[in-house]
Structures are given as structure tokens and as C-alpha cells.
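Notes follow the structure.
The values are calculated or read from the model by the stated rules, or taken from the named source; none is laboratory data. Please read these numbers as outputs of a predicted model, since none were measured by experiment. Heads up, the Cβs are rebuilt from the backbone with ideal geometry, glycines too, and the neighbour counts pull from every protein chain shown.
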Amino acid sequence: MTKNRFKQPKVIFLDNFSARANYLCYLAQTLAQGNFQSNNFVVLPYLAPNTSQTIYFPDLPYPKKFWQILKKSPDLSAGIPFPHLAQTLAGALMPQTDLSLKLKTITDFWQKNSDRFWQKLKTRQLLQKEIGKIRTIKVLITQFGPGSSFNLIPNGKKLTVFLTMRVDQKDQEILRHLIYLFILIKRGKPGSSKEKWQQMRTLVNFICEELSLPDPKSSSPLTPKIVLASKLFLEKLGLGNKKNLAVKNNQIYLGERKISLRLSLNEELILRELIKLGGAILSHDRIAEILWKEKAADKFSLWGQTKLVQRVREKLAKEGASLYLIQTVYGRGYTLLE
């Protein structure tokens, strides 16, 4: 019989102000490069607990020097030190928030539940190869950023994982985050593909059910109000995307650039109507009239409208637009975020 050589990674919880200052540098650099935005996250100057696809980035008086240093700095992950001056500037701006209580509760939870967690994975022979690739998992509790994030750092033949958890996350969520991590190592990053993210969530939920982990509270969808708040905040930071849609000489432009979307007739009709309305709501009834004319009452289909608008969003995204440029107004229709 082959001896099981599985060795679980070491998990370390960090209570380190300088690590949080470094993480703020990472968030700022990632924002400045547009990476969060291109992956369809919205960026807010406040915490939006239990709301999907949000990044909390504190609204602080960042000096120009701070952004200049990050622009010149090589692309770094959250677990690798940024230039000392950038960390110093970030640390001087950050509020001295006491996170010791949260650190204690999550550490206590891990100590009580970790052995059972590892044993269940081992007994069911789940993700053993992926777990075996990790040497250390460093967990940073932070007041900002996304709900959680992972950065994989090569460490010899294995990996060091830098995992962040925001303070509003429940302690037991660390187990679910670890399952996400192991599947991420197994399958790679889904990127901006909603289909791949959904496949990952389905697999995570299946494994969590196998381990009898509690179901997470369902997250709230983004609203037009939140998306608009993000747009205004990014503009305040000097990071806004001012590429609005317009029709000039019967051609569709994104900012100053003419774009070729290869839209179907119905897709182009709906997009042009949204542009013409300039931020007003295009109702489901009006869409039905545009698509099906006198047969609108018989052919009316919310599902058909949803799929059509999603195709337009995806084609716009390939041209550099945000997937949130066309906003769903639940129960009413769609609007273009100006």
C-alpha cells in the first residue's frame, strides 16, 4: 500500500499594519491599471456588505507622489512588498483601525475547526493534489478590498498563498474561501467569463455540501445607484472611464473611437435606442415593440430580452466597455450609464 504523504499547509493569521498598508498599495496599483474594472468589479469609497462584485477602496487624500510611485513600480501581488515610500505614504493615510477582535474570533474558529476540515477533505480524497502544492497560507484581515482575494507566490517547488478576508466576512467563510483557492489552483482563473465563474461556484457549492459546510447568505445584486457611485468615485480619483457611447454620422462610437460591434439587426436597434434615450429607462414594453412590432403582445419574452441585452454587453466589453455600461432596472427595463 502506498503511504499517504499528504501534508496540510501551514495557516498563519496576520495582524500587521504594514501588511495592510502594502495591501492598500496593491489595491491602488490594480485600480490604476484598470484590472478590477476590466473584470467587472465596481469600486466604492464605502463598505457594501454582502453585495457582489464590489471593491472597497478608502477615500483618502492620496498624494500624486503615491500614484507616481505605483505607476513606476513593477506589477506586484498583494503578498510582495511595494516600494518603501509607497508603503509609508499609504500607512500615513490609513486610519488606525483596531482589528484585534476580528482576528481573535477567526483565529479561534480556525483552531476549533481546522483539523476536522482537513480530515474531511482527506477522507473524501478531495483536492489533495492541489492542497499538496501549497506550503503556507497567510491570511490578512483587512477593512478594505473585495470580500476575499488570493495571490499565489512561488516558494521553491510549492506556493505561498496570500489570502485576504474583509472584516465583514463571517468567520466560517474562511473554509469556503479555501475551497475556492484549491479549485483556483486546479482550474486556473476564470477571468471575466461569467460562465466560468458560475462553473467554479457550482463546484465550490458541491464540495462545501459534501463537507457539510453552511450555505452562505446570498449576495445582493449591483444596483444602478451603486454602479453610478463607483463611476463618480473613480472619476474623483482620476481613474474614471469617460468612454461613453454615442452615435456620430450614423456610426457607433465608444469615447472618440468608432467601433465595429458586428451586431445583429435586433441588437443594433436596442443599442441605438438606449443611446438615444441618454440614460432614461428603455422599458421592456418598448423593447418588445421594437423587436416584434405589432406581434409584441404575442411574442413578448423577458428571457429573450435578457439574452439579447447580454449579447450586446459582451460585444461592447470586447471593445473595452464595462459590462455594467448597460444597467438592468429590475422590473422596468434597461438604462445606459452615462
>> For the stretch 48-61, check the following and say yes or no: at least one residue is assigned by TED's automatic domain parsing to the domain that holds LYS133 and free of Cβ contacts under 8 Å to residues at least 60 places away in the same chain.
In response: yes
> Tell me, which helices (runs of 4 or more DSSP H) wholly within the stretch 236-338 include 3 or more residues that are of a type in the set (A, V, I, L, M, F, W, C)?
Replying inline: 265-277, 284-292, 302-318
> Which pairs do you get when a residue that is of a type in the set (Val, Ile, Thr), found in the stretch 264-276, comes within reach of a residue that is part of a helix (DSSP H, G or I), reach meaning Cβ atoms under 9 angstrom, with the pair 6+ apart or on two chains?
Replying inline: ILE270/ILE287; ILE270/ILE290; ILE270/LEU291; ILE270/GLN305; ILE270/LEU308; ILE270/VAL309; ILE270/VAL312
> If only one of LYS231, LYS186, LYS138, LYS157 is in contact with a helix residue (DSSP H, G or I) (Cβ under 7 Å, 6 or more places away or on another chain) and of a type in the set (D, E, K, R), which one is it?
Replying inline: LYS186
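So which of GLU294, GLU235, GLU256 is closer than 21 Å to TYR56 by Cα and among the acidic types (Asp, Glu)?
GLU235
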> Are any of the residues in the stretch 108-129 hydrophobic (A, V, I, L, M, F, W, C), assigned by TED's automatic domain parsing to the domain that holds TYR26 and over 22 Å from ARG201 (Cα atoms)?
Replying inline: yes
> Just wondering, is there one or more residues in the stretch 121-142 that are touching an Asp or Glu at 6+ places or on another chain (Cβ under 8 Å) and under 30 Å from PHE233 (Cα atoms)?
Replying inline: yes
> Could you list, in sequence order, the residues of the stretch 128-147 that are closer than 26 Å to GLU210 by Cα and surrounded by 19 or more Cβ atoms within 10 Å (Cβ to Cβ)?
Replying inline: ILE131, ILE134, ILE137, LYS138, VAL139, GLY147
>> When the residues of the stretch 73-107 are narrowed to those that are touching a residue at least 40 places away in the same chain (Cβ under 8 Å) and charged (D, E, K, R), which ends up surrounded by the most Cβ atoms within 10 Å (Cβ to Cβ)?
In response: LYS102
> Across the stretch 213-231, what is the total count of residues that are over 14 Å from the mean Cα position of the chain (by Cα), surrounded by 13 or more Cβ atoms within 10 Å (Cβ to Cβ) and part of a helix (DSSP H, G or I)?
Replying inline: 5
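How do the helices (runs of 4 or more DSSP H) wholly within the stretch 1-81 filter down when requiring 2 or more residues that are closer than 23 Å to ARG201 by Cβ, touching a helix residue (DSSP H, G or I) at 6+ places or on another chain (Cβ under 9 Å) and at pLDDT 95 or above: which remain? Please lay out each step first, then the result.
Details: elements: 17-32, 35-38, 64-72.
Result: empty, no element qualifies.
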